[in-house]
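What follows is calculated from the coordinates using simple rules that are stated; it is not laboratory data. Note that this is a predicted model, so its numbers are computed, not measured. Cβ atoms come from the backbone with ideal geometry, glycine included; neighbour counts cover every protein chain shown.
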Amino acid sequence: MKNDSAVVLFSGGQDSTTCLFWAKKHFSKVYALSFLYGQKHAHEVELARGIAERAGVEFHVMDTSFIGSLGSNSLTDTSISMDEDKPEDSFPNTFVPGRNLFFLSIAAVFAREQGAFHLVTGVSQTDYSGYPDCRDSFIKSLNVTLNLAMDEQFVIHTPLMWIDKAETWALADELGVFDLVRNETLTCYNGIPADGCGHCPACKLRKQGLEEYLSKRNR
């Protein structure tokens, strides 16, 4: 690698906040990059800004609102009621087509301009909710494509790829940011910080993992 700077795709949620502090542990210079893509829970970006400031990390926001206008999904279209459970025969309607493809591609261009060639994202195949752009095969494929597209040697890091939500809570605890992640992040698709609304898919997954981790920790 040319240096040890990294760009973290940062939403201010549980996963990306854990990845932000993971990156701070592994790289000497870290940039946090958030996206405004037309999401109904856009308040997450302001919370992300605050967390980045506390972490001493340079914070940037990209306007990618075109993503929300490309297809129908319940995260960007107020007329669509959100799936609370994953349908058996299709993607959940919280899936935003192309989101991680666009985010990582834009992040790579941004990173190149900063002289950074490490990208960190909180996708997970263990708890991927049926989103195809959270799978390891997609990340590996895109990593090759980005390197070919810009004739660079980017490395996409996915610290959460093979761990579940309980193990993600454990990692946050190990990194010393358990309370911050629990009380100050926004994972909820309805835009409610900390424990959230309790019934959207993101809140259910977060709560289940937290309860499992606390049960193990308190034994």
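Under the Karplus relation 6.51 cos²θ - 1.76 cosθ + 1.60, θ = phi - 60°, what is the ordered set of whole-Hz ³J(HN,Hα) values for region 12-20, x standing for Gly and Pro?
In residue order, the calculated couplings are x, x, 4, 5, 6, 5, 4, 5, 4 Hz.
Considering the options S129, L205, M82, tell which one lies farthest towards the positive end of the dipole of region 74-219, charges being +1 on Lys and Arg and -1 on Asp and Glu at the Cβ, about the Cα centre.
L205
Within straight cross-link reach of K29, meaning Cα distance under 16 Å, which aspartates and glutamates are found once same-chain residues fewer than 8 apart are removed?
D4, E53, E58, E113
Apply the Karplus curve 6.51 cos²θ - 1.76 cosθ + 1.60, θ = phi - 60°, to the phi angles in region 114-127 and return the couplings in whole Hz, x for Gly and Pro.
Taking θ as phi minus 60°, the curve returns 8, x, 10, 10, 10, 10, 10, 9, x, 5, 8, 7, 5, 10 Hz for region 114-127.
Peptides 211-218, 197-204, 19-26, 137-144: what's the order by average Cβ count within 10 Å, highest mean first?
19-26, 197-204, 137-144, 211-218
Calculate, for S141 and R219, the FRET efficiency according to 1/(1 + (r/R0)^6) with r their C-beta to C-beta distance and R0 25 Å; round to the nearest 0.05. Walk me through the numbers before you get to the answer.
On the way: r = 40 Å, r/R0 = 1.62.
The value I calculate is 0.05.
May I ask you to evaluate 6.51 cos²θ - 1.76 cosθ + 1.60, the Karplus curve with θ = phi - 60°, for each residue of region 167-183 and list the ³J(HN,Hα) values in order in whole Hz, giving x for glycine and proline?
6, 5, 4, 4, 5, 4, 5, 4, 7, x, 10, 4, 5, 4, 5, 5, 9
Using the alpha-carbon centroid of each, what span in Å lies between region 163-191 and region 24-61?
For region 163-191 versus region 24-61, the Cα centre distance is 15 Å.
Any idea what % of Cα-Cα pairs in region 1-143 are farther than 21 Å?
43 percent
Which aspartates and glutamates, if any, have their Cα less than 15 Å from the Cα of K204, not counting same-chain residues under 8 positions apart?
Those aspartates and glutamates meeting the cut-off are D15, D83, E84, D85, D127, D164, D195, E212.
Scan around L119 for amide H atoms under 5 Å from its own, H built in the peptide plane at 1.01 Å from N, and keep only partners 5 or more places away or cross-chain.
Those qualifying (amide H under 5 Å, at least 5 residues apart or on another chain) are V7, V155, I156, H157.
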